[in-house]
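Please read the structure below before turning to the comments.
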Amino acid sequence: MILSGLRPRLMAAFAAVTLLGAVAATGASYATARNTLLDDAQNQVMDPLKRRVEAFVPRLELPPTQEALDEFQSTLQANAVVVYQDKRSRSGFDPSTIVPAELRTAMRTSQTFLFQRTIVQNTPMLVVGIPVLYRPDDKGTLTASGVEVYATAPLTQPERAITGLAQAAWIGVALVLPLALALALFAARGVLRPVRRLGAAARALGAGKLDTRIDPRGSDELAELARTFNSAAEALEASQAASRRFVADVSHELRTPLTAMNAVTAVLDEDAPQLPPDTAVAARLVSTETRKLTKLVQDLIEISRFDEARNVLELDEWDIGQAVRDSLAARGWTSTVDTDLPEGITGRVDRRRLDVIVANLVGNALRHGASPVCVVLRPSYLEVSDNGPGIAPEVLPHVFDRFYKADTARARSEGSGLGLAIAWENARLHGGTIEAANRPEGGAVFTLRLPW
């Protein structure tokens, strides 16, 4: 399974490194202690045996008699046997049943003691072999006499100690693991805390809070990343502020000439019947486009006020149903929109801004949906629905974005692309929300929820 997320990966890496270090250190300590225990056990057997062999050798005549072998064995004071060619001491064990064959073979040419650890009847045993050496003359070199001494000693106690040591080592490693995880969690928290702060700041910046900043702490790479984020946020905020000022300034500058143009186009509309046909069509086209441009400039001015936080609510107690009916009547939509607006539902709202919300939601349904368009009022919400093709799933998250007109499922928009954004801003100013969805039976539905 692949670990997902930085925290589990950090914890896994930290725990793995700690565990490997603990296993390596414990393994090395175990190996050293094991060798020490075995060496001590071997020395306790071999050192006394070697001294006794050396003490008896000067009295040994070669070739030895059976009595000499028996006497030699009796001086060893150990579980031992003395062997010479095909003879052995009458006391002691049978070498052929205990001494490993490879040890007996090595003893024929060895000039030093040998030992080997083996298992005899499920018991760990140490088998020691000592060759008896002699000099043929005073100047000769030491030569194997053919006399061999074999002794055994049980390793039960050292093995028990080694087994206990191994168990203690594994228990130590098991105890290190939770400690490693605790340390990993502590380290991960220290690393991930600034990462989480950076993630939260990035989400806030993406949500439009361009004044979001992070307090850089320390001088490491994460602090440098925080400073870089702050610089980028400052640049973005300055750029957007400049863009908003430009839009606001242009919109205000256009308002005066558009007022004059609207006055002129009103005269042209009145005189259109007396004008030549081609001139009349051109006059009506100019009049239509001038009204669209005027609506766009008005929307841009309204949006710029929201951006500059210059919009304030003028709250008063109103009958919501009556306010919605007045909004529909003012635009001549009473006969084209089905309503369910019970009386008696009142609330403190800004009447002008509620009118803007209703106008944009109903106007959007009439332009993009299909009849019948329905407006339903309930104590907790106002719902505007249509029977059109609905909103494409990929478009739903963007219906309240400014200038978003990528809806290919509906008729081409003739608006500014700001109507729903303005409605959403007015709802937010009231402390409410607008939700967009598709009805199961078809068509789009917009639900306004205000704290009335």
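No lab work stands behind these numbers, since they all come straight from the coordinates. All values reported here derive from a predicted model rather than from experimental measurement. Cβ: placed from backbone, ideal geometry, glycine included. Neighbour counts: every protein chain shown.
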Residue order, fewest to most beta carbons within 10 Å, for Val132, Val373: Val132, Val373
At 1.002 mPa s and 20 °C, Stokes D of the stretch 221-307 from Kirkwood alpha-carbon radius, µm² per second: 134 µm²/s
Aspartates and glutamates with Cα under 12 Å of Lys87, excluding same-chain neighbours fewer than 8 positions away: Glu67, Asp70, Glu148
Rounded to whole Å, sorted largest first: equivalent-ellipsoid semi-axes of the chain, Cα gyration tensor: 107, 23, 20
Simple label model, 7 Å out from Cα along Cβ direction - Ser110 to Ala232, nm: 7.4 nm
The chain: relative contact order as a whole-number percent, Cα under 8 Å and 6+ apart: 9 percent
Spacing of the two label points (7 Å from each Cα toward its C-beta) at Thr256 and Thr346, in nm: 4.6 nm
FRET E, pair Arg305, Ala187, Förster distance 35 Å, beta-carbon r, rounded to 0.05: 0.10
18 Å cut-off, amide nitrogen to a point 7 angstrom out along Ala13 Cα→Cβ, residues in the stretch 183-205: 183-196
Helical contribution to [θ] at 222 nm, DSSP H n ≥ 4, -39,500 (n - 2.57), averaged over the chain, rounded to 500: -19000 deg cm²/dmol
Nearby aspartates and glutamates by direct alpha-carbon distance to Lys292 (threshold 18 angstrom, same-chain neighbours under 8 apart not counted): Glu253, Asp269, Glu302, Glu414
Per-peptide average of other Cβ atoms within 10 Å, ordering 141-148, 349-356 highest first: 349-356, 141-148
Value of D in µm² per second that Stokes-Einstein yields for the stretch 245-393, Kirkwood Rh from Cα pairs, at 10 °C (1.306 mPa s): 88 µm²/s
Nitroxide proxy distance, nm - points 7 Å out along Cα→Cβ at Leu429 and Arg449: 2.2 nm
Mean projection area, nm², convex hull over Cα of the stretch 6-162: 12.9 nm²
FRET E, pair Arg90, Ala168, Förster distance 51 Å, beta-carbon r, rounded to 0.05: 0.65
Residues in the stretch 419-452 reached by a label modelled at Lys295 [backbone nitrogen below 11 Å; 7 Å Cα→Cβ]: 419
Residue order, fewest to most surrounding Cβ atoms within 10 angstrom, among Glu71, Glu343: Glu343, Glu71
